[in-house]
Amino acid sequence: MPVPVPRQRAIPAVESGQAQAAPAVRGLSGASGGPGTEAPRNEAHKEEKAAKTTTSTTTDTNLTLLLIEDDPGGSPIVPELLDQAGKPIRIRTARNLTEAARLLTDDVHCILLDLALPAPGRADDSGDELSVLRHVLELAPRHAVLALTASGDAERGAEAVRVGAQDYLFRDELDGRLLSRAIRYAVERKRSDTAERRLAEGRLRAQENRRLERGLLPTPLLHGSPLRFAARYRPGRSRALLGGDFYDVVRTPDGTVHAMIGDVCGHGPDEAALGVELRIAWRALTLAGLCGDQLLNTLQQVLEHERSDDEIFATLCTVDIAPDGRRAGLCLAGHPAPLVARPGRAPRLLPYDNNGPALGLLPGARWPRMQVELGREWSLMLYTDGLIEGHIGEGRERLGQDGMVEMISRQLAQGLRGEQLLRAAVNEVRELNGGELADDVAVLLLDRVP
């Protein structure tokens, strides 16, 4: 079957952009327009900006109208048009949807559709007066659409707008000046609708991501333990709830309390996902009875299988506190040593002489388990390096572990405990840094008060 050739307008100079405007003819009747919706500035600002960028019309190029109508007489039903800058609006004409699909290129800004045009036959189109409009909306979901209907058939035009057209016009009352205005309005309204839809989709995605990330944060399993627990977590990524840092606390049936904190190198979503995988693996292995070197060896295998790059590693600190609460086993895999504070004594770091390598660096590495005495009453703080690597003032000096011990000692002397202590510590580190920290920060605190 030969391919139909699209009929050109009687005055091709309009298409080439060289024609002048023709005088206005007759009046125009149709639906009235309204102002565009300004999207609010919120956490979905990036999605809004992307939507405006994608749907914006270049102001220094002519508008292009695609007219879809079947006029047996071959006479044009659209007068010559000018855009707001006085440039001719280019017009392409298609006699059916097949031709329209071929002419619907990226430089088309608006479609003027004659609702009287017969639509391709479908079984589900029987009795649907707007089936041709539905076909066009499927064919051109990103384009503005003006519906063209018979004079006096306002109800059908209004229904076309409800279905998805930006406006409707009467076929026998077309006016060049007002039709040009209707085209510009339809383009702006489509742009606004698209931006608003994408903004709403961005908000929905942000909400879903936040619900997902909250679900991935740990829920401590300490039922039956006399220990008190507190934690503070601040990811380095903007607008994120999860970073590469991770922690967890569980109590096994024998009464032992196991705590862990770790840090995957990097700050992106891949590192956050790997941190979640390591945390879940640690909990499962701990509840299965593994600890010490055997547990860390298995976690290293998990990391090696799940990491996206062979250079990715993770530091880890694990402690297992005896049921009587007076002793603990400590394993360090390239991670800073925990801080312990006791009444009447200055806070200090637990021994870290037998610190093993970070997970993922050395195949077949070993991680010795050290036994430490905690005493009758104590506070044990585990943290990631984001807490100690912030700068102090405008220089290059960092807080470091010594500065952190001094800061915690001062805050304990002020009577801060639990959540208040961790909140004050993180806030002071941020203030010393002069703003938000570049790295993730995770801190957890276990207290034993007889």
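A few points about this structure:
- Filtered by the rule that a residue be surrounded by 20 or more Cβ atoms within 10 Å (Cβ to Cβ) and either more than 11 Å from ASP440 (Cβ to Cβ) or among the acidic types (Asp, Glu) (or both), the stretch 263-278 gives ASP263, GLU271, LEU274, LEU278.
- Residue in the stretch 381-393 that is hydroxyl-bearing (Ser, Thr, Tyr), under 25 Å from GLY236 (Cα atoms) and assigned by TED's automatic domain parsing to the domain that holds HIS305 present: yes
To keep it simple, each residue is scored yes or no on (1) among the hydroxyl-bearing types (Ser, Thr, Tyr); (2) at pLDDT below 95.
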site: ALA358; (1), (2): no, no
site: ARG366; (1), (2): no, yes
site: VAL372; (1), (2): no, no
site: GLU377; (1), (2): no, no
site: THR384; (1), (2): yes, no
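- Filtering the stretch 297-346 to residues that are over 41 Å from the mean Cα position of the chain (by Cα) and surrounded by fewer than 20 Cβ atoms within 10 Å (Cβ to Cβ) leaves ALA322, PRO323, ASP324, ARG326, ARG327, ARG342, PRO343, GLY344, ARG345, ALA346.
- One residue from ASP447, ASP440 being touching a strand residue (DSSP E or B) at 6+ places or on another chain (Cβ under 9 Å) and at pLDDT 95 or above: ASP447
- The residues on offer are ASP107, ASP172, ASP128, ASP193, and the sole one that is under 18 Å from ARG92 (Cα atoms) and either among the acidic types (Asp, Glu) or free of Cβ contacts under 8 Å to residues at least 24 places away in the same chain (or both) is ASP107.
- Residue within the stretch 305-313 that is in a helix (DSSP H, G or I) and either farther than 16 Å from MET260 by Cβ or of a type outside the set (Ser, Thr, Tyr) (or both) present: yes
- Residue within the stretch 70-87 that is at pLDDT 80 or above and in contact with a helix residue (DSSP H, G or I) (Cβ under 9 Å, 6 or more places away or on another chain) present: no
Here's the yes/no breakdown for (1) assigned to a helix (DSSP H, G or I); (2) modelled with pLDDT under 90:
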position: GLU155; (1), (2): yes, no
position: ALA165; (1), (2): no, no
position: ARG191; (1), (2): yes, yes
position: ALA195; (1), (2): yes, yes
position: GLU201; (1), (2): yes, yes
position: GLN207; (1), (2): yes, yes
position: ARG211; (1), (2): yes, yes
position: PRO218; (1), (2): no, yes
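- Here ALA413 passes the criteria (1) within 34 Å of the chain's Cα centre (by Cα); (2) loosely packed, with under 13 Cβ neighbours inside 10 Å; (3) at pLDDT 95 or above except the one numbered (1).
- Condition broken by ASP128, with the remaining ones in (1) under 40 Å from the mean Cα position of the chain (by Cα); (2) at pLDDT 80 or above; (3) in a loop (DSSP other than H, G, I, E, B) satisfied: (2)
- Subset of the stretch 258-288 that is modelled with pLDDT of 95 or more and small (Gly, Ala, Ser) - its residue that is farthest from the chain's Cα centre (by Cα): ALA288
- For the stretch 417-433, residues that are within 19 Å of HIS391 (Cα to Cα), touching a residue at least 12 places away in the same chain (Cβ under 8 Å) and not β-branched (Val, Ile, Thr) total 8.
- ARG134 modelled with pLDDT of 90 or more, at negative phi and either touching a Cys at 6+ places or on another chain (Cβ under 8 Å) or of a type outside the set (A, V, I, L, M, F, W, C) (or both): yes
- Whenever a residue of the stretch 131-149 is over 20 Å from GLU188 (Cα atoms) and in the same structural domain as LEU113 (by TED's automatic domain parsing), its partners that are buried (at least 18 other Cβ atoms within 10 Å of the Cβ) and aromatic (Phe, Trp, Tyr), lying with C-beta atoms within less than 7 angstrom and at least six residues away or across chains, give the pairs THR149/TYR168; THR149/PHE170.
- Some residue of the stretch 366-378 being small (Gly, Ala, Ser) and in contact with a strand residue (DSSP E or B) (Cβ under 7 Å, 6 or more places away or on another chain): no
The values are calculated or read from the model by the stated rules, or taken from the named source; none is laboratory data. Since the structure is predicted, the reported quantities are computational estimates derived from the model, not experimental observations. All Cβ positions, even for glycine, are placed from backbone atoms using ideal geometry, and neighbour counts span all protein chains on display.
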